[in-house]
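What follows is a single structure, written as structure tokens, with notes after it.
What follows draws every value from the coordinates through simple rules; no lab data is involved. Because the structure is predicted, anything quoted here is derived from the model rather than measured. Here Cβ is always computed from backbone atoms with ideal geometry, including for glycine, and neighbour counts include all displayed protein chains.
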Amino acid sequence: MLATTRDDRWSKLRRRSPTLPAVEALGREDQSTAREREPSRVETSADPRAVSGVAAVDPRSVPIPVRLNLFLCALVLVLAVALLWAASHATTGWATLFSAVAFSYVMLTDYALLHEATHASLHMDPRWNRFLGRMLGALFPVPFTMILTTHRGHHERNRTDAEMFDLYYARDSCFLKCVQWYGILTGFFWPFVPVGAVLASVFPRALRARMFRERNDTKHLLGDLQGELLRTIRLETAGIALFFVLLFALLDLRAGSVLLCYACFSLNWSTRQYIGHAFTKRDVVHGAWNLAHGRAMSAVLLHGEWDLNHHRHPEVPWIHIPRLACEPESRRGYVRQYWRQWLGPRLTEERSPRATPSLTPAHLQPIRSESKP
Ligand SMILES: [Zn+2]
């Protein structure tokens with residue numbers, strides 16, 4: 001009950017003001033403080049905002065674009081399903097391929113909206129936020145609770161050893177790091193998401209296997225996915241399975257064409273998953289880029305290329321992110337940064353920063369808001 005009251009209060013604040021009086025000034029002041037800080041000295045016990053040097057943006061200045069978000073959710077769901085149908089019923093291989101490539105771009109926006117839902121920024125009403133997140137997640141496909149948990153972990157452990165894909169220590173196997181890195185770039189990251197959801201739902205013991213427990217990049221993740229969360233993930237996975245059974249039955253989809261659609265999406269999504277963080281400084285909050293991309297792709301990604309601004313202000317909805325202040329030197333070309341990644345992981349001696357509690361205000365963190373008082 002307490003969480004609901006807080007959500008209502010926050011929602012009203014967000015609704016009240018459509019202007020942005022405080023955003024730019026706040027951002028500038030915060031970042032000058034941030035530059036003076038030692039990146040590796042983040043402490044889990046202190047106030048995360050004080051440690052990172054980033055103050056919260058006035059919620060009245062960054063309202064959620066609810067109507068636009070609802071329109072985009074409907075558009076993405078209709079387009080994605082229509083393209084699955086078109087790919088399945090195309091009469092030529094080229095038409096199937098064209099539908100699959102178009103599907104992969106529509107699904108980038110699906111993920112961007114899903115990402116908004118993980119930050120409780122898709123809709124002001126937590127119940128709608130969760131419902132829309134589950135619908136968008138079904139198409140991905142990923143249980144909403146699973147991506148909500150793993151994405152919160154990403155914000156808390158960014159650039160620590162648990163999320164160090166672009167770098168390796170002298171003691172690491174360069175070969176294995178390269179396999180992992182080029183696996184991400186060539187599209188093999190996405191399959192781990194639905195496969196992980198099925199394992200968590202059907203064979204949760206498999207996730208406790210030694211190979212997962214001892215790996216830096218999976219042990220924290222597995223620690224997060226426990227108890228009540230696993231039960232919710234199981235229900236959501238069952239819902240996703242039902243969703244696809246109905247899609248196949250009602251639209252007479254062909255498995256080969258649907259797999260081609262998801263193969264294109266797998267490549268398109270995975271290959272850009274680490275672009276916002278590759279070769280940035282090892283800092284949980286400031287270890288990201290604000291990349292410069294063309295207008296069309298910026299719209300498809302819902303400004304997802306502004307990752308540094310997002311990590312500094314995860315509570316700010318996507319539409320306001322480019323208006324937050326940022327240092328000119330933090331911006332670089334998206335395409336240039338993309339190809340830089342193909343030069344491979346680099347040797348580092350820089351120490352891992354400590355994980356930082358989320359910068360998202362507690363009353364906006366969906367898992368906490370939804371938990372019982
Ligand atoms: Zn995020």
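Peptides 166-177, 71-82, ordered by how many other C-beta atoms sit within 10 Å of their residues on average, highest first, read 71-82, 166-177. In terms of packing, defined here as the mean over residues of other Cβ atoms within 10 angstrom, the peptides 327-333, 198-204 line up highest first as 198-204, 327-333. A cut-off of 5 Å between modelled amide H atoms, ignoring neighbours fewer than 5 places along the same chain, links A292 with R332, G333, Y334. Computed as a quarter of the hull surface, the mean projected area of the alpha carbon convex hull for the range 49-100 stands at 6.4 nm². Shown in residue order for the range 295-302 are the 3J(HN,Hα) couplings computed by the Karplus curve 6.51 cos²θ - 1.76 cosθ + 1.60 at θ = phi - 60°: 4, 5, 6, 5, 5, 4, 8, 6 Hz (x for Gly and Pro).
Computed from backbone phi, the HN-Hα couplings of the range 330-344 come to 7, 9, 8, x, 5, 5, 4, 4, 4, 6, 4, 4, 6, 6, x Hz, rounded to whole numbers (Karplus: 6.51 cos²θ - 1.76 cosθ + 1.60, θ = phi - 60°; Gly and Pro given as x).
For the pair R127 and V198, the difference between a 0.36 nm per residue extended length and the Cα-Cα distance amounts to 23.1 nm. Remark: spin-label model distance S173-Y338 equals 3.1 nm, labels positioned 7 Å along the Cα→Cβ axis.
Stokes-Einstein diffusion for the range 257-324, with the hydrodynamic radius set to the Kirkwood value over Cα pairs and evaluated at 4 °C in a medium of 1.567 mPa s, equals 99 µm²/s.
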